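J.: Submitted below is the structure of interest, expressed as structure tokens.
The values are calculated or read from the model by the stated rules, or taken from the named source; none is laboratory data. Predicted model only: the values in this text are computed from it and were never measured. No Cβ is skipped: glycine too gets one built from the backbone with ideal geometry, and neighbour counts run over all protein chains shown.
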């Protein structure tokens, strides 16, 4: 799994092109302030039972949120960080597990529409931990 964390003063999206027909139709734009965005690419190896990345991803999200003093998280599927890709179904199920577990401990968690290209608006400050890459 590859993850690019970006702390954003403002983050917004608008669905533009649906790429995976098996996921729900989405048309609504959304905006968030003071949010930790996780650009996540699950890889083929992550689908192996012995390579469960759920705990590592949760720990990394909690760590970066503490460092950036926020409890607001956006999970965004970003299949551009590696040549290896997990199936869309696996990735979406992982996002749903992560969302549920984070919400259970008090985080506000959102997901961008799955299976879409999105117009993104990002306003991100320039400090040390505003952008962090992890290879989990």
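J.: Of the conditions (1) within 17 Å of residue 8 (Cβ to Cβ); (2) in contact with a strand residue (DSSP E or B) (Cβ under 8 Å, 6 or more places away or on another chain); (3) outside any helix (DSSP H, G or I); (4) at pLDDT below 95, residue 109 satisfies every one except a single condition; which number is it?
T.: Just one mismatch for residue 109, condition (4).
Residues checked against (1) in a strand (DSSP E or B); (2) at pLDDT 95 or above:
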position	(1), (2)
6	yes, yes
10	yes, yes
14	yes, yes
17	yes, no
21	no, no
24	no, no
27	no, no
35	yes, yes
38	yes, yes
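J.: From the set of residues in region 49-76 that are modelled with pLDDT under 95 and not in a helix (DSSP H, G or I), which is surrounded by the fewest Cβ atoms within 10 Å (Cβ to Cβ)?
T.: 52
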